[in-house]
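To keep things clear, I will list the structure first and then write my remarks on it.
The values are calculated or read from the model by the stated rules, or taken from the named source; none is laboratory data. Keep in mind the model is a prediction, meaning the values are calculated, not measured. All Cβ positions, glycine included, derive from the backbone under ideal geometry; neighbour counts span all protein chains shown. For the accessible areas, the whole protein counts, side chains as well, though only heavy atoms, and no ligand, DNA or RNA atoms are used. Shrake-Rupley method; radii C 1.70, N 1.55, O 1.52, S 1.80 Å.
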Amino acid sequence: MTRSAHILIVEDDPEIRLLMKRHLTAQEFRVTVAADGTEMDRLLASGRFDLMVLDIMLPGEDGISLCRRVRATSTLPIIIVSARTEDIDRVIGLEVGADDYMTKPFNPRELIARVRALLRRVEMGQATPAAAPKTLRFEGWEIDCNTRSLTNPQKAMVSLTPGEFNLLQVMVERSGHVLSRDQLVDLTYGQIGATNGRSIDILVSRLRSKLQAGGAAYQFIVTVRSGGYEFVAPTEAVAADG
């Protein structure tokens, strides 16, 4: 990034909190820490952060609930950290809007690598070539690839996470084509935080829910048995100011 990224760590264990802060600070990240959801809310309201590392097992409101609540109003990249190793916990974390999931104990180098990878995915997703600005339209909906925004036919903004936006853009650009889960991972160049079929399924489910909540007239993304997914709404690409 062009400036030092600001990381918010929400972790109740003081030793783990200090360990993460020390290692991230050594890599020239700016780091702020919180011990629970109350501190997290105060810090989010008073400052700007580029990424949040969020523990699940917290006193009071747990990390899953906090992630769901933050994601309802923000696209802040979130990495969930948890001692829970069951696949169902990872799935739940992704379903409520996390962009990545790490299990404890972890090597600090892995944390740094995942933070850098997620920040890189966000930065790459925000960088649209100046020579090819465009807007994608379908059924009255509009995707502005420069501002990375989605609006419904009533011109209301629909909030998407970076991963959700990247996946939707790839599918809309290839409307009418069946894309396998592996193809979707490849086409997004790993920018969506998904590395397997189950992760793709979760992102598609979240997209469907948000499109439906935004007033979609029908299911734009359909499941093709033994194939993958297909975006079926007629789509046009136009100049950003067209």
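How about the stretch 21-46: which of its residues are part of a loop (DSSP other than H, G, I, E, B), touching a residue at least 60 places away in the same chain (Cβ under 8 Å) and open to solvent by 60 Å² or more (accessible area, probe 1.4 Å)? If you could, list the steps in order and put the result at the bottom.
Of the stretch 21-46, the ones part of a loop (DSSP other than H, G, I, E, B) are 27-29, 35-36.
Narrowing further to those that are touching a residue at least 60 places away in the same chain (Cβ under 8 Å): 27, 29.
Answer for the stretch 21-46, where residues must be part of a loop (DSSP other than H, G, I, E, B), touching a residue at least 60 places away in the same chain (Cβ under 8 Å) and open to solvent by 60 Å² or more (accessible area, probe 1.4 Å): just Gln27.
For the list (1) within 19 Å of Val122 (Cα to Cα); (2) crowded, with 17+ Cβ neighbours inside 10 Å, I need the number of the one condition that Ser74 fails.
(2)
What number goes with the only condition from (1) more than 17 Å from Glu110 (Cα to Cα); (2) polar (S, T, N, Q); (3) open to solvent by less than 60 Å² (accessible area, probe 1.4 Å) that Ser82 does not pass?
(1)
Out of the stretch 147-158, which residues are open to solvent by 50 Å² or more (accessible area, probe 1.4 Å) and of a type outside the set (D, E, K, R)?
Initially, the stretch 147-158 is screened for residues open to solvent by 50 Å² or more (accessible area, probe 1.4 Å), giving 147, 153-155, 157.
Residues satisfying the conditions are Thr147, Pro153, Gln154, Met157.
Given (1) without any contact (Cβ under 8 Å) to a residue 24 or more places away in the chain; (2) surrounded by fewer than 20 Cβ atoms within 10 Å (Cβ to Cβ), where does Tyr101 come up short, assuming only one miss?
Only one criterion is unmet by Tyr101, namely (2).
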